[in-house]
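Taken together, the values in this text are just the output of simple stated rules run on the coordinates, not laboratory data. Note that the structure is predicted; figures quoted are calculated from it, not measured. Here the Cβ positions follow ideal geometry from the backbone for every residue, glycine too, while neighbour counts run over all protein chains shown.
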Amino acid sequence: MPTIARSSLMSLETYAKARNEFRARVIAHKKNRMVQLGEHVALLFEDELTIRYQIQEMLRVERIFEEDGIVGELDAYNPLVPDGSNWKATMQIEYEDPAERAHMLTRLRGIEDRVWIAVAGGPRVYAVADEDIERENDTKTASVHFLRFELTPGMVRQVKAGAAIGAGIDHPNYNEQVVALAPAVCAALAADLITA
């Protein structure tokens, strides 16, 4: 699967000119990569385009133009691009009210380890969470987690052949599932996979 090379990034000046059009393209692209699990948890399944956008935005916001800084961003973000046998997702826990959010983040400790996908109604594949750094402490979980769902070769073949994909969370304080993701989402996720 593609990784994002230094030579493929736009300079800050070029990105400033292209940003509105690029941003609109990415927003439209994300619509088929978003899965809502209940009212308060969303998964954005990342790919090369969504991560490229994140890198370009970080370079812009932080005004990074020196080579070492750019390479540092690539090193930080490239692991979030799926590599052909998995899906990688950003999970966001969303509560508008700050007091409710604080309360729920204490009740949802460990939720990142209870997120799953299932192909063709088969066994659940639970996410490997936060491989870069621990995002939970003794009192609460974070509102953002990075997840990886590793698929077997058989699952990859099933998805490529059009099998249904389900997703859910089975945490004691948050239990939600989607039996079958929308066809457009399934097609986007199938495109992330490579059959062996």
Worksheet entry | Farthest toward positive dipole pole in segment 21-90 [+1 Lys/Arg, -1 Asp/Glu at C-beta], among ASN86, HIS29, GLY72 | HIS29
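Please tell me the relative contact order of the chain in percent, rounded to the nearest whole number, where contacts are Cα pairs under 8 Å and at least six residues apart.
Details: 314 pairs, mean separation 45.7, N = 196.
After rounding, I find 23 percent.
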Worksheet, complete the sentence: Along the dipole axis of the chain (charges at Cβ: +1 for Lys and Arg, -1 for Asp and Glu; origin at the Cα centre), the most positive-end residue among TYR174, MET155, VAL61 is MET155
Practice prompt. Report the percentage of all Cα-Cα pairs in segment 2-57 whose separation exceeds 18 Å, rounded to a whole percent.
Written response: 41 percent
Discussion item. Taking R0 as 30 Å, what FRET efficiency do you get between HIS103 and THR195 from their Cβ-Cβ distance, rounded to the nearest 0.05?
Written reply: 0.10
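I need the shape label for segment 26-127. Rule: rounded when a/c is under 1.5, else prolate if a/b > b/c, else oblate, with a, b, c from the alpha carbon gyration tensor.
Details: a/c = 2.07, a/b = 1.36, b/c = 1.53.
Cα axes put segment 26-127 in the oblate bin.
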Fill in: Within segment 40-172: Cβ-based charge dipole about Cα centre, in debye rounded to nearest 20 (Lys, Arg +1; Asp, Glu -1)
720 debye
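Taking the Cα centre of segment 116-196 as the origin, how large is its charge dipole in debye, to the nearest 20, when only Lys and Arg (+1) and Asp and Glu (-1) carry charge on their Cβ atoms? Present the calculation step by step, with values, prior to reporting the outcome.
Working: 6 positive and 10 negative charges, 93 e Å.
Using Cβ point charges on Lys, Arg, Asp and Glu, segment 116-196 gives about 440 debye.
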Worksheet, complete the sentence: Set LYS88/LYS160; LYS88/LYS140; LYS30/LYS140, cut-off 19 Å on Cα-Cα distance; pairs above it are LYS88/LYS140; LYS30/LYS140
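Provide the FRET efficiency to the nearest 0.05 for the GLU39-ALA76 pair, computing r from the beta carbons and using R0 = 35 Å.
Working: r = 31 Å, r/R0 = 0.88.
Approximately 0.70, to the nearest 0.05.
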